[in-house]
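Q: The structure is given below, and queries will be raised subsequently.
Laboratory data are not the source of any read-out in this text; all were calculated from the coordinates shown. Since the structure is predicted, the reported quantities are computational estimates derived from the model, not experimental observations. Neighbour counts are summed over all protein chains in view; Cβ atoms, including those assigned to glycine, are modelled from backbone coordinates with ideal geometry.
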Amino acid sequence: MPDFHAPLNLIDKTEVRRYAGLRGETAFPDDIVERACNEALVLVKPRGCWQNYRYDPINGIIQGQTPIPLCDKSILHHLASVAEIAVLAVTIGPDLEEAVSASFAAGDYTFGLLLDAAGTTAVEATANAVNSLITDHASRRGLSSLFRFSPGYGDWNITDQPNILSLAGGENLNIRVTPSCMLLPRKSVTAVVGLPAARGARGEDMASECVPDGCRTCSQPSCQARKENP
């Protein structure tokens with residue numbers, strides 16, 4: 001199981017503003033956003049891991065030690081032409097969440113909100129870094145890669161979260177799943193990356209899907225953090 005453990009040197013302030021619902025709010029003080037980013041850099045501990053599996057696209061089954069069937073249309077469609085997948089898990093640890101809770105408890109809601117948004121930006125950056133490693137490894141084997149797809153995207157039911165976390169080996173990062181299928185620490189992500197052959201069955205059509213943008217498949221178009229023109 002490959003393991004990712006590297007420091008994060010930058011948190012994108014534009015992304016923090018987006019996750020905080022401040023996109024286009026030019027009058028909001030930038031120094032508070034910067035302070036939240038700097039605080040987050042001290043608190044986050046990015047880690048990630050992934051494992052590769054054979055995948056049966058006809059029956060929608062991840063061929064792990066215990067076969068895992070997928071049932072929801074969006075993930076089945078996304079993986080329709082792949083015979084191999086990578087399953088990843090990443091986290092930035094619990095320290096930032098504790099600082100967010102402390103900020104809210106102290107009544108500093110604005111800073112708590114921005115710190116939480118910085119944590120979301122950090123975990124997404126960590127997921128992007130692990131995704132890039134998966135893509136590089138796949139490329140050396142003559143494989144392409146689709147954009148990562150997480151439980152909760154489209155109609156993929158969040159109840160598959162425990163299986164995806166286990167397949168990735170996320171327990172080794174001290175990530176766990178609550179009875180309601182939420183990840184703890186909250187700033188954690190699991191996802192599946194389809195690995196089709198470089199010249200896949202969908203040919204030109206594949207290129208239109210190989211973009212790292214989960215907002216294209218999100219079922220919440222009114223989300224404040226939604227990227228423009230997904």
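Q: Under a plain spin-label model, where a point goes 7 Å from the Cα along Cα-to-Cβ, how far apart in nm are Gln63 and Arg140?
A: Spacing of the two 7 Å Cα→Cβ label points: 2.3 nm.
Q: On to the next question. Give the residue from Leu143, Thr91, Ala168 lying farthest towards the positive end of the charge dipole for the stretch 3-216; charges sit on Cβ (+1 for Lys and Arg, -1 for Asp and Glu) and the dipole is referred to the Cα centre.
A: The Cα lying farthest towards the positive end belongs to Leu143.
Q: To continue, here is another question. Which whole-Hz ³J(HN,Hα) couplings does the stretch 182-195 yield from phi under the Karplus relation 6.51 cos²θ - 1.76 cosθ + 1.60, θ = phi - 60°, glycine and proline marked x?
A: After applying 6.51 cos²θ - 1.76 cosθ + 1.60, I find 8, 8, 10, x, 4, 7, 9, 9, 10, 6, 10, 10, x, 10 Hz.
Q: Could you sort 114-120, 56-62, 16-22 so that the peptide with the highest average Cβ count within 10 Å comes first and the rest follow in order? The partial results should precede the final answer.
A: Working: 114-120: 26.1, 56-62: 14.4, 16-22: 20.1.
Order by mean packing, descending: 114-120, 16-22, 56-62.
Q: Rounded to two decimals, what is the ratio between the C-alpha radius of gyration of the stretch 18-62 and 2.2 N^0.38 Å? Show your work: numbers first, answer last.
A: Working: Rg = 20.0 Å, N = 45, 2.2 N^0.38 = 9.3 Å.
It is 2.14.
Q: What list of ³J(HN,Hα) couplings, whole Hz, do you get for the stretch 113-124 from phi and the Karplus terms 6.51, -1.76, 1.60, once you set θ to phi - 60° and write x for glycine and proline?
A: So the Karplus estimates, Gly and Pro as x, are 5, 5, 5, 5, 5, 5, x, 4, 4, 5, 5, 5 Hz.
Q: Using the count of nearby Cβ atoms within 10 Å as a rough guide to exposure, how do Cys37, Cys71 rank from fewest to most? Intermediate values should be presented prior to the final figure.
A: Numbers: Cys37 21, Cys71 12.
Starting with the residue having the fewest Cβ neighbours, the order is Cys71, Cys37.
Q: Could I ask something else about it? With labels modelled as points extended 7 Å from the Cα through the Cβ direction, what inter-label distance (nm, one decimal) is found for Glu98 paired with Asp155?
A: Roughly 4.3 nm, to one decimal.
Q: Right, next: Sort 77-83, 179-185, 3-9 for me by packing, meaning the mean count of neighbouring Cβ atoms within 10 Å per residue, highest on top. Kindly include the intermediate steps, with their values, before the conclusion.
A: Numbers: 77-83: 18.4, 179-185: 14.1, 3-9: 12.0.
Sorting 77-83, 179-185, 3-9 by mean packing, highest first, produces 77-83, 179-185, 3-9.
Q: Also, quick follow-up: How large, in Å, is the chain by the Kirkwood hydrodynamic radius built from its alpha-carbon pairs? Write down the numbers at each step before the final one.
A: Values: mean 1/r = 0.0545 Å⁻¹.
Every distinct Cα pair counted, the radius reaches 18.3 Å.
Q: Now a separate question. So, in nm, how far is label Thr178 from label Arg23 when the simple model puts each one 7 Å beyond its Cα toward the Cβ?
A: 2.6 nm
Q: Ignoring everything except DSSP H segments at least 4 long, calculate the 222 nm mean residue ellipticity for the chain; use -39,500 (n - 2.57) per segment, divide by total residues, nearest 500.
A: Details: 7 runs with 82 residues, N = 230.
Computed ellipticity for the chain at 222 nm equals -11000 deg cm²/dmol.
Q: What does the charge add up to near Phe104, with Lys and Arg as +1, Asp and Glu as -1, over the other residues with Cβ less than 13 Å from its Cβ? Could the numbers behind the result be given before it?
A: Numbers: positive: none; negative: Glu97, Glu98, Asp108, Asp116.
Net charge in that neighbourhood comes out at -4.
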